[in-house]
Amino acid sequence: MASRMRKLFHRQNAGAIEERRKMRKELFAFNKTVEHGFPNKPTALAYDPKLNIFAIGTSNGVIKIYGAPGVEFMGIHSGDFSVSKLFFLPAQGRIISLLDDNSLHLWEINLKDGGSTMEEVKNFMIEGRLKKISVCCLSSDASRLYLGTEGGNIYLLDVESFDLEDHIVYQDVVMQNGPAVVPDDFKVNPGAVEAIAQHPSDKDRLLIGYNRGLMIIWRQSELMLEASFVGHQIESLCWHRDGTHFTSSHNDGSYQVWKVSGASSPAKEPLVPYGPFPCKAIPKILYLTTKSEPFTIFSGGMPRASYGDRHVVTVIQDKTQHVVFDFTSKVIDFFTMSNVNDEDEFDEPHSLVVLVEEEIVFIDLQTKGWPTFQLPYLSSLHASAITSSNYICNVPSQLWEKIQEVGEHQQQNVMSTRDFPVIGGKNLVEPPAYHDLLLTGHEDGSIRFWDASASAMKYLYQVNVAQLFTAEGGEQNGSPGVVEAEEEWPPFRKVGNFDPFSDDPRFGVQKVVLCPQSGTLVAGGTAGQVVVMKMGEDEEEKKTIEVVQAKIVVDDKFVWKGHEALPVREEPFKFPRGFQVELVAQAHPPAAITALAFQSTWGIIAFGTSHGFSLIDTTLKRLIVSHCTLNPHDLSVTGEHMSRRMSLTKSLRASLRRVRQKRGTTKPRKQRERRSNDTGGKVIEGSDNTPTTPEKESRGRGFDDADLVPIERKIEARSEDPKVSMVRYVYFANTFVRDAHTATPSLWVGTNAGVIYIYSLGVPTGENRLQGNVVAEISKEIKLKHGAPINSMVVVDSDNNPLPDPIEVQHECAKPPNMSGHNLIVCSEEQFKVFALPSLKPRYKTKLTAMDGSKVRKVAFINYRSRNNDSYSENHISCLTNQGELGIYSIPHLKRQDHYQALRRENVTGIASLLFTPRGEGMYLLSPSEFERFTMSASTVTEPLCMLELAEGMRPVPPEPEVEPEPEPAAEATEEGAGGDADAAAAAAGAEVAQEAKPDAEEQEPGEKDAMLPSEDPPAATLQNGPSEEAEAEAPTAGGDAETAAAIQQEVDNQTADELVNEVDELLAKTGINISIEGETDDNPDITIDEVKEYDNKPKEEIVNGTAADPDEGVVNKEPAPAVNGETETNEVNGEPQLEKLQIEE
């Protein structure tokens, strides 16, 4: 019978299934696209003056090349080695990297797929301890790379062949050949090669510096020592442009200018710029000429005792201009930029670029005062540690222009007005038609605005919330951007944005929300502070900040041992242009804000803490209601961190319960277990309760389907965690709460204990809003049986569209909602559930934790558009689990559509920081300083598409790649199924089905991997990187009916009972047949019972709004309500109202 049913459904719906597979390819595709921010742990820097591009190497073997905004290339070395040095081959689009394993690698930027990509083409390894490379120098014609070693010898690498030349500059030969005399002290062991510099005009002469202080000029063609010089221990050397002098820097903090011709003596006495006390070494020095006075630029050299911990670069021009640029992290390297050619007389530097560990700084040397440039990319995202983030799509042009304007005004006195000097390469991406913002909240109380519309993320503006409060010690946190000189000598100047220190940890921004239509910004902090700000075009006169106290816990037994609330500045305060404070709400106890929502049309905000939640009227600036979620028996909890481990007694009791459950032998239990196994897990008709992550289809023909279906794992009972009272999510919706006829504003609050509080709101409209009070009545309370924390909630209409924000409808940014057929979708850590409104009867459910042990960490409701038809879109739930897996589930049936492994499960920081965008993209912290951007949408991809335009004949044409024979289809499928990539292995079963269904279609290219794990939903079992649509269109159709029937029969044979049930559900849903699950009985072990409490409140005119002084008023009515469809239990404990409990079967 089952076999006949399978054949019937497959024959009638083979076309529909295949059509759905194609549609999924048009909707979903996972790709990591671009990295925003500053590379983590940089180690090397290089610059190509011909192409006007620069490169940064990192400690994990990554090379990133940057040009004009949007021009970005990245290469990754195969080994886990740090990049020690980088060298551009000027104008060739090539770069050489030296790793700390003594290997050299040649990279090229080549045209590919309409843009340019970075590829490694050659590599070379030098082995031996004495051959350890200590310094490199590229010849002026880029044909040779001189390799100085620890042993004192210099090897020559031919760049074209990428192999060593036979000629070697041996140290002992250098000491003996030539008219110049080397002091006897240096003939035996002058030390490692520390510096090599080629003469600016005579390419035959090399300036070589050895570790112990010996410097020589070596003539290569004649193998002759031309001159020798002796100084202190060498750090670096540089030629002057005319080639008659050179400058050396030393480890004692001194530098010296030497004259090449004449006696081997310095032209000037050694200069210790910050002496006379012992100073640190000067690792690098540059001497650059101009038409006026020359520049001397060097790093280090600070007095050891007083400023030995400073990270500085000094710029001296004449005796009148002397600045010590002071950075907050270690200086890695620096270079200067100029527009001159090799034949010009002067260097004329116009910009100085300094790479430090945590940021890169561009300094304008042409503008008076040497200000810094505003970076169009590579900004230091972690100037202060990131504590929260939010992504805002489609920001209105009016607000966008205001943010840009106030941001420019904020930086006008500290930033250069010149254009950014790096303009190499060509950006092939059209400017975006929309404006997207990334908001980041930081530990120091600041909120930064970033332009995230394109691949180059640009800093726009900063709001400093901390300036509204008084820090520890009574000091006020001033506004940023004003830098004062700390000492008269040396003349320090603080530059850069990175500042790892915070005045007070309570300043940290935990939640940030922006309403782009009203221009309102709301931020929640670590000490329970919530700040409401509004965009102001003009500077506002001094005024006092209004504060609303929200007392959540009123019980006298409660003892708070955490930090105190931040005191708000009492004196009048002058607000600059930009976001200006309207209101400060303070929660008591002052615990961190854990949830935040703002409804600008209604003029209210809701926020939650670990103790409860509050509702604030931002229009009248008053408290509406507060609700404590603490258990009455847990009022003695404090603000300190508590252990989540179970006691020994609880652990033993839990073990005994499990033993009793396993030994139970009653007949009904056996029957339930047997029925559960027969259905491949736990299936409820009309809902998607099938396993969401099935086992791989690796079964043999001799096994039954039921033996290989994943078994639902047992979820251990939760211990009494003191954090169950924490509010996880707050949500506003205009929907049906009390009856199915009248939609009212409502507040939905989800907690860590799986409890949902539903409040009906009475919001005056029109002119009455300024006089009338907002009324809040608790209507219902849901307690999920599994008790998992609530991650997210949303109300969808009959078209499966989430209800839009009323202000978006008002501004025509969204269509008006369909006010019929509303459903509530609740996403907890363990399950997704759909409830009908207003009855709250469960309709659909899918389990995650019970199937694969994963727990949901992030959830978003995203509209996915087709890449081939912009008018077609679908709404789906997107989620991230603690295993680093991304999942997409349909609305409302909760069918899994796709599944990707995005992060390693050990990457706890990345998982915790991930955020989704409304367009189907996402971001997470790849490191403390950079975001990794990815997309799950086939139609939305934000990635760099750029190229380098090289002059004709700059490098030889690369040879044509050899054509590799295509592997056999069977062998290819086997290789992908058993390969090292988890995604490819998981997709093997789906690839086999796709190839059987299309035997004549174009084969999948080698190396393509299916990023989706096999799904039990047949329409969802497509390949992300399967055969292309063109190949499908070109597939022969002769005998198509017979081939389709054979493919269907093959799928039927491999299908499990769960898949059949899922397919039936899908087909019934398509035909409009809806089977609810209200008819299930207790015999089915999958049924869980949620507890729903309904509150019968007094008429609205009798309700008095709660205040901080009397928070219990206006919350609930103590009159009992009649029973509706269930058993009624009444209790009255500690003054709690009589509640009605509805037993609803899922």
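At an R0 of 30 angstrom, the distance between the Cβ atoms of Asn882 and Arg577 translates into a FRET efficiency of 0.10. Overall, the anisotropy analysis places the stretch 761-829 in the oblate class: the square-rooted eigenvalues a ≥ b ≥ c of its C-alpha gyration tensor yield a/c not less than 1.5, with a/b not exceeding b/c. Full extension of the chain between Lys368 and Glu127 yields a length gain of 81.8 nm, computed as 0.36 nm times the residue separation minus the alpha carbon distance.
With a simple spin-label model that places each label point 7 Å from the Cα along the Cα-to-Cβ direction, the separation between Glu293 and Glu405 comes to 4.2 nm. For Phe81, what charge total do you get from the other residues with a beta carbon under 10 Å from its beta carbon, if Lys and Arg give +1 and Asp and Glu give -1? Neighbour charge sum, excluding Phe81 itself: -3.
Whole Å is fine, so just give me how far the alpha carbon centre of the stretch 853-923 lies from that of the stretch 313-380. Value for the Cα centre distance between the two parts: 43 Å.
Determine, from the Cβ-Cβ distance of Thr909 and Met954 and an R0 of 35 Å, the FRET efficiency 1/(1 + (r/R0)^6), rounded to the nearest 0.05. Walk me through the intermediate numbers first.
On the way: r = 43 Å, r/R0 = 1.22.
After rounding to 0.05, the efficiency reads 0.25.
Only the Cβ atoms of Lys and Arg (+1) and of Asp and Glu (-1) were treated as charged; on that basis the dipole of the stretch 302-383 about its Cα centre amounts to roughly 560 debye. Taking a Cβ cut-off of under 12 Å around Arg955, the surrounding Lys, Arg, Asp and Glu residues balance to a net charge of -2, with basic ones at +1 and acidic ones at -1. For Ile133, Ile53, the sequence from fewest to most other C-beta atoms within 10 Å is Ile133, Ile53.
Residues Ser792, Ser299, ranked from the fewest to the most other C-beta atoms within 10 Å, line up as Ser792, Ser299. Residue exposure proxy: Phe186, Phe579, ordered by other Cβ atoms within 10 angstrom of their Cβ from fewest to most, comes out as Phe186, Phe579. What is the spin-label model distance, in nm, from Gln220 to Trp489 if the labels are put 7 Å beyond Cα along the C-beta direction? About 4.5 nm separates the two model spin labels. Here the gap between Gln771 and Ile76, fully extended at 0.36 nm per residue and compared with their Cα-Cα distance, gives a gain of 243.9 nm. Counting Lys and Arg as +1 and Asp and Glu as -1 over every other residue whose Cβ lies under 14 Å from the Cβ of Ile168, the net charge comes to -3. Okay, which of the stretch 46-66 sit inside 16 Å, backbone N to the point 7 Å along the Cα-Cβ direction of Lys112? 63-65, by backbone N distance to the label point. Amide H contacts of His611 (H built 1.01 Å from N, in plane; Pro and chain starts excluded): Val727 sit under 5 Å, all sequence-distant by 5 or more or on other chains. How much FRET efficiency would the formula 1/(1 + (r/R0)^6) give for Glu564 and Ser161, where r is the Cβ-Cβ distance and R0 is 51 Å, rounded to 0.05? Efficiency, rounded to the nearest 0.05: 0.15. Computed extension gain for Asn31 through Ser140, at 0.36 nm per residue and net of the alpha carbon distance, reaches 35.1 nm. When the listed pairs Lys783/Lys841; Lys284/Lys494; Lys50/Lys426; Lys85/Lys187; Lys280/Lys319 are checked against a 18 Å cut-off, the alpha-carbon distance exceeds it for Lys284/Lys494; Lys85/Lys187; Lys280/Lys319. For the stretch 611-628, backbone phi angles converted through the Karplus equation (6.51, -1.76, 1.60; θ = phi - 60°) give residue-by-residue couplings of 10, x, 9, 9, 10, 10, 8, 7, 6, 8, 6, 8, 7, 8, 7, 10, 9, 8 Hz, Gly and Pro being listed as x.
Read-outs: derived from the displayed coordinates by stated rules, not from any lab. Here the structure is a predicted model, which means the values were calculated and not measured. Cβ atoms come from the backbone with ideal geometry, glycine included; neighbour counts cover every protein chain shown.
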